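Have a look at the structure below, then the notes.
The values are calculated or read from the model by the stated rules, or taken from the named source; none is laboratory data. All values reported here derive from a predicted model rather than from experimental measurement. Here the Cβ positions follow ideal geometry from the backbone for every residue, glycine too, while neighbour counts run over all protein chains shown. When the accessible area is computed, the model is the full protein with side chains, heavy atoms only, and any ligands, DNA or RNA have been set aside. Shrake-Rupley method; radii C 1.70, N 1.55, O 1.52, S 1.80 Å.
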Amino acid sequence: MANESDIAAEVEHLKRQQALIVRAVQISLSLILLTLAGTCVRAALVVPAMTDIFRDLTPDMALPLVTQWVMGHPRVFLMTAVLLAALGLGLLFFARAKGRGIVAATVIIVILFVQWQVVVFAMQSPFMQILSRLGGSPK
């Protein structure tokens, strides 16, 4: 049978391992969060240039609603990415309950991913319309 000092030593060893694992998860999630936030920021910064391109290419064509909405609010997407990244990092490293901070940061990562997909979809949709018009019958 193990004596109390062996059990206490094993508990301390497990606590150190747990702390290392939590730190590794925090660092990994923070890198994912920063990478995705940077991608969202870059996508939002491209929107004004894409707006000019779409206005030049499709002066007579109605753009999809999601494209119009994204083109009308590029600063919102930019600020949302920055604020969500700051919030995620803050929750990840400064939450009292480390587990809740990890879960909250993961939710923010998902939100950033959805935001990125919305912007990418909005910027690709007009090109799909143009390609379908090129392949269709002439008017």
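Points worth noting:
- Ordering 5-13, 88-96 by mean Cβ neighbour count within 10 Å, with the highest value first, yields 88-96, 5-13.
- Matching label, Rg/Rh (Cα atoms, Kirkwood Rh) computed from the structure shown, candidates (i) 1.02; (ii) 1.29; (iii) 1.13: (ii)
- Mean separation of Cα contacts under 8 Å (6+ apart) over length of the chain, as relative contact order %: 33 percent
- Within the accessible surface of region 81-125, defined with a 1.4 Å probe on protein heavy atoms only, the carbon and sulfur portion equals 78 percent.
- Protein heavy-atom surface of region 27-79, 1.4 angstrom probe: 68% of the accessible area is carbon and sulfur, with nucleic acids and ligands not counted.
- Taking all protein chains into account, the per residue accessible area for region 4-98 stands at 67 Å² (1.4 Å probe).
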